[in-house]
Amino acid sequence: MKQTILTGLRPTGNLHLGHYFGAGQNWTKLQDDYDFYLEIADVQALTDNFDNPEKVRKNVYEITKDLLAIGIDPNKVHLFIQSKIPEIAELTVFYSNLVTVARLQRNPTVKTEISQKKELFGNNGESITYGFLGYPVSQAADITAFDGEVVPVGDDQLPLLEQCREIVRKFNSIYGEVLKEPQQVLSKTTRVKGLDGNEKMGKSLGNAVYLVDDEETIKEKIMGAVTDSNKIKKDDPANPDVCMVYYYHKLVNNEENVNTICSECKKGSRGCVQCKKELIEAMKEFLQPIQERRKFYEDNPDEVDRILKEGTEAARSKAIEQMAKVRKAMKIDY
Ligand code: TRP
């Protein structure tokens, strides 16, 4: 029997290279070996976008197309919409008795996010909503509703997984051994730097390259990338290790080219403008098959609907099964 994997993502914007190298690429490898549930976490997205339901709805479809474009195979992965699984909401209510408010307030991921969302939650988080504070509980329900054993996530999600395991232990100690403690698998690359040299690529940081970016956009972004600031003239030798253009060549170009680029850069026989132009070409080549697959789904929205419908049906039947066990254990199986 294949082990069960559950992971999810919030539909708040298109996927960028950070998502791809930090998570998505890894998912396309795992899909062969696991029973894979991939959740479009629209309910979680609403916890900090409750005032913008249009944005969430639109991005459910955007994200779905992005995931199919990177090679998530709907014949192997149950791609589903969180809000269509009422059992998750039900579990969230029961789990909320098993976690203290103080514990949620100490969750490092939640803390960081609150401080990033001052407009929504106030300078010191004084306007934090019950829903946002509680989203780790809902995420524990996401995972356990499908009996998730393995959760592939980036390192920013580890506190959420730890919180999930605590809830599982608490549940089992009170109601009996019903739930499994999920294990994490971290992606090899967990964080992708921005073209501006920032440690993290992110929408809010304005330094992201999106999988849907067209040629003009890619050109503009790459021409503005940060290079070795000690290199003044075209023929100065430079240090590729501090250059974002080299960093991206390593992500999207082939090994032979990367080696040539590295030695030419160190020798001073390679200008930055030329190097950027080559990166634009390599990036276009890298994105081409992704964008081609995406176009198929853009042209066939019925196919996207069908995939989501079938994925959601499969997920729902698994969640119903799991919920029956939970209700029995909690003695509410009337
Ligand atoms: N919290 C994740 C994010 O912000 C998305 C998510 C929702 C998730 N449910 C999940 C991740 C369950 C792993 C497991 O991207």
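The values are calculated or read from the model by the stated rules, or taken from the named source; none is laboratory data. Predicted model, so just to flag it, every value in this text is computed and none were measured. A quick note on method: Cβ atoms are made from the backbone with ideal geometry, for glycine too, and the neighbour counts reach across all protein chains shown. Accessible surface areas use protein heavy atoms only, side chains included; no ligands, DNA or RNA. Shrake-Rupley method; radii C 1.70, N 1.55, O 1.52, S 1.80 Å.
Filtering the stretch 27-49 down to residues that are surrounded by fewer than 19 Cβ atoms within 10 Å (Cβ to Cβ) and among the acidic types (Asp, Glu), which residue is nearest to the ligand (Cβ to nearest atom)?
Per the criteria, the residue is Asp33.
Just give me the residues in the stretch 161-188 being assigned to a loop (DSSP other than H, G, I, E, B) and within 18 Å of Lys2 (Cβ to Cβ), in sequence order.
Lys180, Pro182
One line per residue, one yes/no per condition, for (1) open to solvent by 20 Å² or more (accessible area, probe 1.4 Å); (2) part of a helix (DSSP H, G or I):
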| residue | (1), (2) |
| --- | --- |
| Lys203 | yes, no |
| Glu216 | yes, yes |
| Lys221 | yes, yes |
| Ile232 | yes, no |
| Tyr248 | no, yes |
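Going through the stretch 166-183 one residue at a time, which ones are surrounded by 18 or more Cβ atoms within 10 Å (Cβ to Cβ) and either more than 14 Å from Met330 (Cα to Cα) or away from the ligand (no atom under 15 Å from the Cβ) (or both)?
Ile167, Phe171, Pro182 - these are the residues of the stretch 166-183 that are surrounded by 18 or more Cβ atoms within 10 Å (Cβ to Cβ) and either more than 14 Å from Met330 (Cα to Cα) or away from the ligand (no atom under 15 Å from the Cβ) (or both).
List every residue pair whose Cβ atoms sit under 6 Å apart, with the two residues 6 or more apart in sequence or on different chains, where the first one lies in the stretch 293-319 and is farther than 19 Å from Val212 by Cβ and the second, anywhere, is aromatic (Phe, Trp, Tyr) and open to solvent by 70 Å² or more (accessible area, probe 1.4 Å).
none
Enumerate the pairs (first residue in the stretch 173-188 and of a type in the set (Val, Ile, Thr); second residue anywhere and open to solvent by 70 Å² or more (accessible area, probe 1.4 Å)) with beta-carbon separation below 6 Å, excluding pairs fewer than 6 apart on the same chain, so at least 6 apart or on different chains.
Filtered contacts from the stretch 173-188: Val178/Lys325.
Condition first: part of a helix (DSSP H, G or I), hydrophobic (A, V, I, L, M, F, W, C) and either crowded, with 20+ Cβ neighbours inside 10 Å or more than 12 Å from the ligand (Cβ to nearest atom) (or both). Now tell me which residues in the stretch 139-160 satisfy that.
Result: Ala140, Ala141, Ile143, Leu160.
When residues of the stretch 291-303 are filtered for being surrounded by fewer than 18 Cβ atoms within 10 Å (Cβ to Cβ) and either at pLDDT below 95 or of a type outside the set (S, T, N, Q) (or both), how many remain?
Taking the stretch 291-303 first, the residues surrounded by fewer than 18 Cβ atoms within 10 Å (Cβ to Cβ) are 291-293, 295-296, 298-303.
Narrowing further to those that are either at pLDDT below 95 or of a type outside the set (S, T, N, Q) (or both): 292-293, 295-296, 298-299, 301-303.
Qualifying residue count for the region: 9.
Away from the ligand (no atom under 14 Å from the Cβ), open to solvent by 10 Å² or more (accessible area, probe 1.4 Å) and not in a helix (DSSP H, G or I): does that describe Lys2?
yes
Can you tell me which of Gly13, Gly24 is surrounded by fewer than 20 Cβ atoms within 10 Å (Cβ to Cβ), within 15 Å of the ligand (Cβ to nearest atom) and either modelled with pLDDT of 95 or more or over 30 Å from Ser127 (Cβ atoms) (or both)?
Among Gly13, Gly24, only Gly13 is surrounded by fewer than 20 Cβ atoms within 10 Å (Cβ to Cβ), within 15 Å of the ligand (Cβ to nearest atom) and either modelled with pLDDT of 95 or more or over 30 Å from Ser127 (Cβ atoms) (or both).
Yes or no, residue by residue, for (1) closer than 19 Å to Phe132 by Cα; (2) over 15 Å from the mean Cα position of the chain (by Cα); (3) among the aromatic types (Phe, Trp, Tyr):
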site	(1), (2), (3)
Asn59	no, no, no
Lys65	no, no, no
His78	no, yes, no
Ser83	yes, yes, no
Val93	yes, yes, no
Arg103	yes, yes, no
Pro108	yes, yes, no
Thr112	yes, yes, no
Gln116	yes, yes, no
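When Cys262 is evaluated against the numbered criteria (1) crowded, with 16+ Cβ neighbours inside 10 Å; (2) assigned to a loop (DSSP other than H, G, I, E, B); (3) over 27 Å from the mean Cα position of the chain (by Cα), which criterion, by number, is the only one it fails?
It fails just one condition, (2).
If you take just the helices (runs of 4 or more DSSP H) that sit entirely in the stretch 27-114, which of them hold at least 3 residues that are among the β-branched types (Val, Ile, Thr)?
Once the helices (runs of 4 or more DSSP H) in the stretch 27-114 are filtered for at least 3 residues that are among the β-branched types (Val, Ile, Thr), what remains is 53-69, 86-95.
For Ala238, are the conditions met, namely being touching a residue at least 24 places away in the same chain (Cβ under 8 Å) and in contact with a Lys or Arg (Cβ under 8 Å, 6 or more places away or on another chain)?
Considered against the rule, which asks whether it is touching a residue at least 24 places away in the same chain (Cβ under 8 Å) and in contact with a Lys or Arg (Cβ under 8 Å, 6 or more places away or on another chain), Ala238 comes out as yes.
Kindly indicate whether Lys118 is open to solvent by 70 Å² or more (accessible area, probe 1.4 Å), away from the ligand (no atom under 13 Å from the Cβ) and touching a helix residue (DSSP H, G or I) at 6+ places or on another chain (Cβ under 8 Å).
no
I'm trying to understand the selection: among the residues of the stretch 71-104, which are open to solvent by 10 Å² or more (accessible area, probe 1.4 Å), within 24 Å of Gln291 (Cα to Cα) and of a type outside the set (S, T, N, Q)?
Of everything in the stretch 71-104, those that are open to solvent by 10 Å² or more (accessible area, probe 1.4 Å), within 24 Å of Gln291 (Cα to Cα) and of a type outside the set (S, T, N, Q) turn out to be Gly71, Asp73, Pro74, Lys76, His78, Ile81.
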